[in-house]
């Protein structure tokens, strides 16, 4: 009996882990291949207002005249391409949908009212009413076309650092603006400089598989990229982006990058696995992802004191439904347009079979890093080599790509060796190493080849000695949707010569609750019950990382590192001992 209960408990925990970690979009549950059109003469779908002319808008949707209301009846919001006059639910997934029984009177009256929150996605909209549930959808009624009065409204602004402190990159999106501009200056509404942006876009043919290259596809518009230059360090700038033809964005502000040096203190926000939420609770993502709205709200409350934000993988969780990238950047714009926003790829951006991804899963939904690369202009080696490093005040960051091959001898490994060796620790006494998948993790996920533990072991076997050798101060990871902090650890043992590893994947996605029954001895703090983010502050002598929970905005864990107790390079010493042993051995052979 005890054995049976253990097996059942293990099975249930495994299902919870699968549900939380292997993200299955509710949009993918709509069986688009079985959609039928059967217009009803009695059902009416009326939407107000009839146009969209702002970055977001609430729509009131009224469905009436349903003769046999059912729990599986749903309403979907669809975008229309320029050449489309009606919903094509066979070829295109909705942006979002909702069951009509959210209106508690629907099942008895056949009438329902629902409120939908929609952002400007550069297209016209149309709502469709379906019976037959998600498995056999029948389109019974559609609304009038909702006309987009400004498809070229400049939206989704976000900033990124370059490798030069007097420059910062800005990106935003419109439908097809041909004269995109940014204007900026050191006084609000008084812009001294103007510069034209470059245009780029990706197409459905760039995608690697379904749903990204078929029913999940929506034209992403034109991505505008420009570098604001000749910036003075640590200076407040104000800016707008847009065009003289189609209008300008709201005004945003940022503090330019600081000078590199040990005497330049910094304040940085870090987190992973944010995803996005929607205020109307419609079904496009998991409801639990409302936590991401709380995270972005809470981070925004301290945005004026924040100089940099680092998001370490699994950004939008679009997984092949391209409209979700618009939702994500709409949510984070208030952060990313007011602070440089540095990112790395996670499995839900990159992984797809028969691509350069080291892990050949289908976690990206066929996107294979294409939207991520186009939408995030990081100072990477190249678009197909998305690893990089940068200085920020007294801190140097190294961003690995855990989704590309990182094993010894590979191109990424050689980059990490050369880059870590080149870091000036006098100028940047703090060296922070980040990647999406964690090197140390408390998890019962042991399945090969993609389980948490097998990949953590792979990272340790190939990179841990390297991190120790170059005295990495702190390692930050995501992927596991919890907060976890180790002691200073090396080879799974607490030691003064080790590195503190922190998993910060608790920003928005459903939490993973698969801790081992017996906590590994090298973990000092674990939390699988709360969402939040971390705040990193550093000066010439001290680096402090604080874990802030969303529910009370209090510091619930803190690690303080000091330059007087920096890692002493265990792997380097081990290598030296090996060399000494070989020399002694050769000397003995010479005497024989």
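The values are calculated or read from the model by the stated rules, or taken from the named source; none is laboratory data. Keep in mind that what you see is a predicted model, and the values were worked out from it rather than measured. As a convention, Cβ positions derive from the backbone with ideal geometry for all residues, glycine included, and neighbour counts pool all protein chains shown.
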Of the numbered conditions (1) within 24 Å of residue 292 (Cα to Cα); (2) without any contact (Cβ under 8 Å) to a residue 60 or more places away in the chain, residue 238 fails exactly one; give the number of that condition.
(1)
Could you check how many residues of segment 144-175 are in a strand (DSSP E or B) and more than 24 Å from residue 334 (Cα to Cα)?
2
Based on what the data block shows, is residue 181 within 30 Å of residue 389 (Cβ to Cβ) and not assigned by TED's automatic domain parsing to the domain that holds residue 90?
no
Looking at segment 195-203, can you tell me whether even one residue there is in contact with a helix residue (DSSP H, G or I) (Cβ under 9 Å, 6 or more places away or on another chain), crowded, with 19+ Cβ neighbours inside 10 Å and under 18 Å from residue 374 (Cβ atoms)?
no
Checked 138, 147, 182 against criteria (under 29 Å from the mean Cα position of the chain (by Cα) and in contact (Cβ under 8 Å) with a residue 12 or more places away in the chain); the one match is 182
Taking the stated definitions as given, is residue 308 touching a strand residue (DSSP E or B) at 6+ places or on another chain (Cβ under 9 Å), in the same structural domain as residue 503 (by TED's automatic domain parsing), touching a residue at least 60 places away in the same chain (Cβ under 8 Å) and within 27 Å of residue 213 (Cβ to Cβ)?
no
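Here's the yes/no breakdown for (1) free of Cβ contacts under 8 Å to residues at least 12 places away in the same chain; (2) in the same structural domain as residue 294 (by TED's automatic domain parsing); (3) in a loop (DSSP other than H, G, I, E, B); (4) buried (at least 21 other Cβ atoms within 10 Å of the Cβ):
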site	(1), (2), (3), (4)
223	no, yes, no, yes
230	no, yes, yes, no
242	no, yes, no, yes
263	no, yes, yes, no
267	no, yes, no, no
270	no, yes, no, yes
277	no, yes, yes, yes
If I go through segment 220-247 residue by residue, how many of them are under 28 Å from residue 321 (Cβ atoms) and more than 27 Å from the chain's Cα centre (by Cα)?
1
Provide a single number: the residues in segment 303-326 that are surrounded by fewer than 24 Cβ atoms within 10 Å (Cβ to Cβ), out of contact with any helix residue (DSSP H, G or I) (no Cβ under 9 Å at 6 or more places or on another chain) and under 26 Å from residue 23 (Cβ atoms).
1
Is segment 118-139 home to any residue that is touching a strand residue (DSSP E or B) at 6+ places or on another chain (Cβ under 6 Å), on the phi > 0 side of the Ramachandran plot and buried (at least 19 other Cβ atoms within 10 Å of the Cβ)?
yes
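Conditions tested, residue by residue: (1) exposed (fewer than 14 other Cβ atoms within 10 Å of the Cβ); (2) within 22 Å of residue 55 (Cα to Cα).
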residue	(1), (2)
159	no, yes
163	yes, no
168	no, no
172	no, yes
175	no, yes
I'd like to know if segment 143-163 contains one or more residues that are on the phi > 0 side of the Ramachandran plot and in contact with a helix residue (DSSP H, G or I) (Cβ under 8 Å, 6 or more places away or on another chain).
yes
Can you tell me which residue within segment 347-405, out of those that are free of Cβ contacts under 8 Å to residues at least 12 places away in the same chain and not in a loop (DSSP other than H, G, I, E, B), is surrounded by the fewest Cβ atoms within 10 Å (Cβ to Cβ)?
382
Quickly run through segment 538-581 and pick out the residues that are under 25 Å from the mean Cα position of the chain (by Cα) and either surrounded by fewer than 17 Cβ atoms within 10 Å (Cβ to Cβ) or modelled with pLDDT under 95 (or both).
544, 551, 552, 553, 554, 555, 556, 558
Can you find a residue in segment 205-212 that is surrounded by fewer than 18 Cβ atoms within 10 Å (Cβ to Cβ) and either out of contact with any helix residue (DSSP H, G or I) (no Cβ under 8 Å at 6 or more places or on another chain) or in the same structural domain as residue 53 (by TED's automatic domain parsing) (or both)?
yes
Considering segment 421-457 alone, what residues qualify as being within 19 Å of residue 344 (Cα to Cα) and part of a helix (DSSP H, G or I)?
452, 455, 456
Examine segment 416-426 for a residue that is assigned by TED's automatic domain parsing to the domain that holds residue 487, closer than 17 Å to residue 473 by Cα, in contact with a helix residue (DSSP H, G or I) (Cβ under 8 Å, 6 or more places away or on another chain) and in contact (Cβ under 8 Å) with a residue 60 or more places away in the chain, and state whether such a residue exists.
no
Wholly enclosed strands (runs of 3 or more DSSP E) of segment 30-143 bearing at least 2 residues farther than 24 Å from residue 276 by Cβ
44-48, 56-64, 112-119, 124-131, 138-142
